[in-house]
Amino acid sequence: MTLTTQFYTMIAMIGMGSFLGAALDTYNFFLKRWDRKRWVVFLNDLVFWAVQGLLTFYVLLYVNQGELRFYVFLALLCGFAAYQSLLRNGYMTCLRIMIKIAVSIYQFFVKIVLLLLINPIKWIVHMAIACSMSLLLFLWKVIKWSSQLLFKLCKILLAPLLWGLNILWGKAPQPIKQKMLHSKQIIEGIFINIKNMLRKLYRRFR
């Protein structure tokens with residue numbers, strides 16, 4: 001190995017030591033060990049150190065064909081120590097600033113999506129529901145008015161028949177009368193419940 005290759009190896013390993021320190025701080029910043037389960041931390045640590053080892057070996061392979069010497073470890077240690085003493089505070093400050101900028105950009109795009117896409121869709125759906133409920137209520141009123149009109153007409157036209165039925169009703173046994181009155185109350189209760197439900201839905205989406 002020539003002196004030039006050794007020099008390049010030293011510089012590269014010092015750089016990798018500094019990179020390792022920055023990567024370790026970034027990893028710990030995002031991992032939040034105190035809020036994770038132990039097995040999750042273990043798996044993340046295993047993957048992290050495996051990736052760092054592969055990157056270091058790749059750089060070493062590129063610089064000196066992967067020859068491992070004692071000074072390689074010294075250079076890594078020097079680079080890591082240089083990062084800890086000289087670069088760590090500045091890097092962590094820059095990292096926090098970059099994260100705040102990224103979060104601000106993300107929140108801005110979320111607001112844009114809500115303003116231009118989600119809110120109009122919600123408004124359209126709200127209006128569609130309100131119009132549908134208004135239409136249903138209108139149809140209910142029309143049906144109610146028509147049924148009342150039809151009932152009055154039938155009452156007029158069927159007055160003789162009703163008169164005869166009243167006579168028969170007066171002579172009918174009491175159990176039959178009670179069953180028919182109970183059925184009438186059930187039917188009236190169903191129609192009243194449907195009417196109240198439609199009114200509540202209309203008031204809610206109006």
Worksheet item: within 22 Å of PHE30 (Cα to Cα), in a helix (DSSP H, G or I) and among the basic types (Lys, Arg) - does that describe any residue in the range 106-129?
Response: no
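Does LEU95 count as under 14 Å from ASP25 (Cβ atoms) and in a helix (DSSP H, G or I)?
On the way: under 14 Å from ASP25 (Cβ atoms): yes; in a helix (DSSP H, G or I): yes.
Spelling it out, LEU95 is indeed under 14 Å from ASP25 (Cβ atoms) and in a helix (DSSP H, G or I).
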Response to the item:
Residue pairs qualifying under the 9 Å Cβ cut-off, at least six apart or on distinct chains, with the first in the range 177-196 being in the same structural domain as MET133 (by TED's automatic domain parsing) and the second being surrounded by 10 or more Cβ atoms within 10 Å (Cβ to Cβ), are LYS177/TRP169; MET180/TRP169; MET180/ALA172; ILE194/TRP140; LYS195/TRP140; LYS195/LYS144
Worksheet item: Assuming LEU136 fulfils every condition listed in (1) closer than 30 Å to TYR8 by Cα; (2) out of contact with any Phe, Trp or Tyr (no Cβ under 7 Å at 6 or more places or on another chain); (3) part of a helix (DSSP H, G or I) apart from one, which condition is it?
Response: (1)
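Is it the case, given these coordinates, that TYR27 is at pLDDT 85 or above, in a helix (DSSP H, G or I) and within 23 Å of LEU95 (Cβ to Cβ)? Even if it seems obvious, please write down each step before you answer.
Numbers: at pLDDT 85 or above: yes; in a helix (DSSP H, G or I): yes; within 23 Å of LEU95 (Cβ to Cβ): yes.
Yes.
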Discussion item. Could you tell me how many of the residues in the range 46-90 are surrounded by 11 or more Cβ atoms within 10 Å (Cβ to Cβ), within 39 Å of the chain's Cα centre (by Cα) and not aliphatic (A, V, I, L, M)?
Written reply: 5
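Could you please let me know if THR4 is among the hydroxyl-bearing types (Ser, Thr, Tyr) and free of Cβ contacts under 8 Å to residues at least 12 places away in the same chain?
Values: among the hydroxyl-bearing types (Ser, Thr, Tyr): yes; free of Cβ contacts under 8 Å to residues at least 12 places away in the same chain: yes.
When the stated conditions are applied, THR4 passes them.
The values are calculated or read from the model by the stated rules, or taken from the named source; none is laboratory data. Fair warning: this is a prediction, and the values are worked out from it, not measured in the lab. Glycine also receives a Cβ, built like all others from the backbone with ideal geometry; neighbour counts cover every protein chain displayed.
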